[in-house]
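See below for the structure under consideration.
The values are calculated or read from the model by the stated rules, or taken from the named source; none is laboratory data. From a predicted model like this one, the values you see are computed outputs, not experimental measurements. With ideal geometry, Cβ positions are generated from the backbone for all residues, glycine too; neighbour counts draw on all protein chains shown. Quick note on the areas: whole protein, heavy atoms, side chains included, nothing else; ligands and nucleic acids left out. Shrake-Rupley method; radii C 1.70, N 1.55, O 1.52, S 1.80 Å.
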Amino acid sequence: MARKLMRAVQYDKYGGGAAGLKHVEVPVPCPKKDEVLLKLEATSINPFDLKIQKGVARPFLPPRFPYVPCTDMAGEVVEVGPGVKNFQTGDKVVAYLGPFNGGGLGDFAVAKESSTAARPPEVSAAEGSTLPIAGVTAYQALTQSAGIKLDKSGKHANILVTAASGGVGHFAVQLAKLGNTYVTATCGARNIEFVKSLGADEVLDYRTPEGAALKSPSGRKYDAVIHCTTGIPWSTFERNLSENGKVVDLTPNATAMMTSALKKLTFSRKQLVPLLATPKAENLEVLLKLVKEGKVKAVIDSKHPFNTAEDAWAKLADGQATGKIVVEPCI
């Protein structure tokens, strides 16, 4: 039997930016084994969504054209596939859809149970939708790659967060401050007070000579750098790292991968660690609990109705967003 139709936003070729997005009607997807079907309540857009459209992951992503983008979604479970144990119709959840499926810019999308977490009522759908990529990337970078314990039980560490006013960066600052840390952060001049309000101990304007050099105003050497942007050479990091410091690179390119391999081969104490985060339900559950308790704030730059999703796409492409950009269903 044919599935009902739903609204979706898709593109049918590489490139085109916001102008390449098209509003269409497509069949509602059907949940398979261990999957749930979600009705859209909010979707957040990530820089990687834009990169997929630009073709940086071709020929692997998108897996096919036309493609409905976006992976980070909050919604209501409206159907469960075979084998689903933890969710039922009517549950409010946050899910990571994954780039091979996408589908976040649609009225309905399917998600694997293993990458879906229950959303507590104290956390709005918009807030929940910001967490899968941006929140989990910051969480994994700090706890797994940098070894920071968020209960302050670990040894003291000096942390640098670059691009600290962005989607990943604003979560990284807040999560780092839950640990036994001193946090230095970089951002543009207009966001310095905002980043300080997140808890950063000192903030550098990246456009100044001191900011470009990543030099701590208090003279500290960094035990870990959560690197959320591009265009900073290893030499700039290296002179600012502690003896065993590491740079966790969240947007690694070929040069970063070569540097990482070289540092391992030469047994360098200073390391570059590439990280491509994989959101899991247990990570989402931790973050949702922190947001619920008010220990972490999901900062939303702007909300856009579904029928103007291309405006949200263009806003992110502009590169000036503070926090996250969210698309919501039209009321």
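Have a look at Gly245, Gly294, Gly319 and point out the one that is at pLDDT 95 or above and at positive phi. Explain how you work it out, then say what you get.
Numbers: Gly245 fails: at positive phi; Gly319 fails: at pLDDT 95 or above.
One residue alone meets the criteria, Gly294.
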Set Glu310, Glu282: member being loosely packed, with under 13 Cβ neighbours inside 10 Å, at pLDDT 95 or above and in contact with a strand residue (DSSP E or B) (Cβ under 9 Å, 6 or more places away or on another chain): Glu282
Count - residues of segment 159-168 that are part of a loop (DSSP other than H, G, I, E, B) and under 19 Å from Pro279 (Cα atoms): 1
Residue that is most open to solvent (accessible area, probe 1.4 Å) [pool: residues in segment 135-158 that are part of a helix (DSSP H, G or I) and polar (S, T, N, Q)]: Gln144
Answer residue from segment 74-93, given it is under 15 Å from Val28 (Cα atoms) and surrounded by fewer than 22 Cβ atoms within 10 Å (Cβ to Cβ) and is nearest to the chain's Cα centre (by Cα) among those: Glu76
Search result, residues across segment 198-246 that are within 14 Å of Val161 (Cβ to Cβ), free of Cβ contacts under 8 Å to residues at least 24 places away in the same chain and not charged (D, E, K, R): Leu204
Options Tyr14, Tyr67, Tyr96; residue that is of a type in the set (Ser, Thr, Tyr) and buried (at least 23 other Cβ atoms within 10 Å of the Cβ): Tyr96
Segment 13-69 - residue that is of a type in the set (S, T, N, Q) and either closer than 21 Å to Val136 by Cα or at pLDDT below 95 (or both) and, of those, farthest from the chain's Cα centre (by Cα): Thr43
Residue among Ala111, Ala134, Ala118, Ala125 that alone is of a type outside the set (Phe, Trp, Tyr) and farther than 18 Å from Glu282 by Cβ: Ala125
Among the candidates Gln10, Gln88, residue that is among the polar types (S, T, N, Q) and touching a Phe, Trp or Tyr at 6+ places or on another chain (Cβ under 9 Å): Gln10
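Please work out if Val173 is touching a Gly at 6+ places or on another chain (Cβ under 7 Å), under 23 Å from Thr230 (Cα atoms), free of Cβ contacts under 8 Å to residues at least 60 places away in the same chain and surrounded by 24 or more Cβ atoms within 10 Å (Cβ to Cβ).
yes
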